[in-house]
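A.B. asks: Quick one: the structure is below, questions incoming.
The values are calculated or read from the model by the stated rules, or taken from the named source; none is laboratory data. Source: prediction; values computed, not measured. All Cβ positions, even for glycine, are placed from backbone atoms using ideal geometry, and neighbour counts span all protein chains on display.
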Amino acid sequence: MVASDIELLRLYDRRPLDIDWTEVGDELLFINHFSSQTGLTGVYELLAGEEMIVTAQGLVTKAAWSPWDHAMSPVETVDEAVDRLESAFTLVHRTLAAKYPRPLITVSGGLDSSIVATQIAQFTKDARLLTFYTDGDPFGDERAFATIVARACNASLTEIPYRAPDFQTSCRSDMFLPRPTYRTIAGLINARLLDHGYLGGHGTVLGGFGGDNSFCGMAPPYALGDLLQAGTSIAGSWKMLGDLKRITSASYMDLVRYVARTLRERFQPAKTYAWPREPIFLTRQVAERTAPRKLHPWLDTPSRALRGSTAHIAVIIRAHNYLERFPRSASTVGLSPLLMAPIVEACLSIPSWMWCDGGIDRSIARQAASTLPREIAERRSKGSPLQMHARYFETYRHDLKAFLIEGMLVQNQIVDANAVTRYCDREPPVRDLDYLRLLELVDAEIWCRYQRG
């Protein structure tokens, strides 16, 4: 049986779908890694870049697109990189504007959403912008920057306060995907977006999600090693060190250690990409796993691949876990232009060191987006609603503790009840970011209960 979402499978088959607890444990340990195996036993997903061929003899799934076709054919100059990405920006946004002439665009005033908004504005005069802000927390209030973007687009801007839900409301999230995804608090944001999309007659909601991933935000740690592997000159290496010092504000001693480590790695054989592990709050039997049960097919790395290319592809995979914002039944489509194929292909063809050109992070994207206002193109900081999430945790920490330790993840020996209890019983305010991890586990618990009715 093939269906576009889980509920259709349930409606047709009527049999209960069991949770695959090994897969759920993998997805909580190797955060945002996934493969065709979903969190439901016997249910598999056709991944991005795959095609399914249906014949009388059965189903065959094979790769129809690979990121390595583009990562292994890199551009040779910064100018070529800028031209290629600029052409991709134009192609994607012109096509979207033709299909959705009245889009609703979420903007924060950061680089990524500003690129989407100002690019779309070239091709339609009916775009509407929307920004969320936190009350009483200047760090989460980006309205001043969003206003600059709206002015550049000659578009109206709707400002909506970004407030955390109460605990009971957040537990009623509609978990419509076949694996745990972290959307409890984001779920209410998405509900507001659907309301505005419907009432405003917008066929789609666009945003800058995935920009950090496509624009190789993880480039600095890999840039010098990739450059050496590509056979650069001494002058090229020296320039790269200067760029990295400007980006990272590292000391000269830090850079010396970095060069020594990079030179050692250059003469070691390339290893299979080791997906980062997040063992906090998980039981020992889950935390001791060293690799996912089944790797995403894009992590099958060619022998001559640059380490930075592998890491770049891995962060694009991470973004795919959040691509579907709305249920299939919604009247509005949510799309992420910066993760569409022409832009991703252009970005993959740009080596890691070029993204650091001039000592500026995501340099090629800033140069290719000629529509950006100068205040946005040169911006180096970014706000965040972290304080709102912290207040949510502090307000409901005892409810969150009870919800987890009495839940299915503890019963199936995935979450460590004692670790959760110790953390939630600490007196506020929180002094670290581990509460964000705990909220991810709450999302996963909601997903498990939702799937079991």
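A.B. asks: Taking the conditions exactly as written (free of Cβ contacts under 8 Å to residues at least 12 places away in the same chain, of a type outside the set (Asp, Glu) and surrounded by fewer than 21 Cβ atoms within 10 Å (Cβ to Cβ)), does Arg14 satisfy them or not?
C.D. replies: Against the criterion (free of Cβ contacts under 8 Å to residues at least 12 places away in the same chain, of a type outside the set (Asp, Glu) and surrounded by fewer than 21 Cβ atoms within 10 Å (Cβ to Cβ)), Arg14 qualifies.
A.B. asks: May I pose another question? Report those helices (runs of 4 or more DSSP H) wholly inside region 45-138 carrying at least 1 residues which are within 23 Å of the chain's Cα centre (by Cα) and under 26 Å from Leu193 (Cβ atoms).
C.D. replies: Filter on region 45-138 gives 78-99, 111-120.
A.B. asks: Separate question: Just give me the residues in region 409-427 being over 14 Å from Arg437 (Cβ atoms) and in contact (Cβ under 8 Å) with a residue 12 or more places away in the chain, in sequence order.
C.D. replies: Asn412, Gln413, Ala417, Thr421, Asp425
A.B. asks: Quick check, is Tyr252 under 30 Å from Met340 (Cβ atoms) and of a type in the set (Ser, Thr, Tyr)?
C.D. replies: no
A.B. asks: Going through region 243-258 one residue at a time, which ones are free of Cβ contacts under 8 Å to residues at least 24 places away in the same chain and hydrophobic (A, V, I, L, M, F, W, C)?
C.D. replies: Taking region 243-258 and keeping what is free of Cβ contacts under 8 Å to residues at least 24 places away in the same chain, we get 249-257.
Within region 243-258, Ala250, Met253, Leu255, Val256 qualify.
A.B. asks: Is there a residue being under 30 Å from Leu404 (Cα atoms), surrounded by 16 or more Cβ atoms within 10 Å (Cβ to Cβ) and modelled with pLDDT under 90 anywhere in region 213-226?
C.D. replies: Let us first name the residues in region 213-226 that are under 30 Å from Leu404 (Cα atoms), namely none.
No - not one qualifying residue is present in region 213-226.
A.B. asks: Further question on the same structure: So which of Arg304, Arg325 ends up being charged (D, E, K, R), touching a residue at least 60 places away in the same chain (Cβ under 8 Å), touching a helix residue (DSSP H, G or I) at 6+ places or on another chain (Cβ under 7 Å) and closer than 29 Å to Asp26 by Cα?
C.D. replies: Arg325
A.B. asks: Looking only at region 10-23, decide whether some residue is assigned by TED's automatic domain parsing to the domain that holds Pro327, touching a Leu at 6+ places or on another chain (Cβ under 9 Å) and not β-branched (Val, Ile, Thr).
C.D. replies: no
A.B. asks: Looking for whichever is surrounded by fewer than 16 Cβ atoms within 10 Å (Cβ to Cβ), touching a Gly at 6+ places or on another chain (Cβ under 8 Å) and more than 25 Å from Met408 (Cβ to Cβ) here; the options are Ala56, Ala63. Which one fits? Break it down stepwise before answering.
C.D. replies: Working: Ala56 fails: touching a Gly at 6+ places or on another chain (Cβ under 8 Å).
Being surrounded by fewer than 16 Cβ atoms within 10 Å (Cβ to Cβ), touching a Gly at 6+ places or on another chain (Cβ under 8 Å) and more than 25 Å from Met408 (Cβ to Cβ) holds for just one of Ala56, Ala63, which is Ala63.
A.B. asks: Do we have any residue at all in region 345-365 that's surrounded by 17 or more Cβ atoms within 10 Å (Cβ to Cβ), over 30 Å from Trp68 (Cβ atoms) and among the hydroxyl-bearing types (Ser, Thr, Tyr)?
C.D. replies: No, region 345-365 contains no residue that is surrounded by 17 or more Cβ atoms within 10 Å (Cβ to Cβ), over 30 Å from Trp68 (Cβ atoms) and among the hydroxyl-bearing types (Ser, Thr, Tyr).
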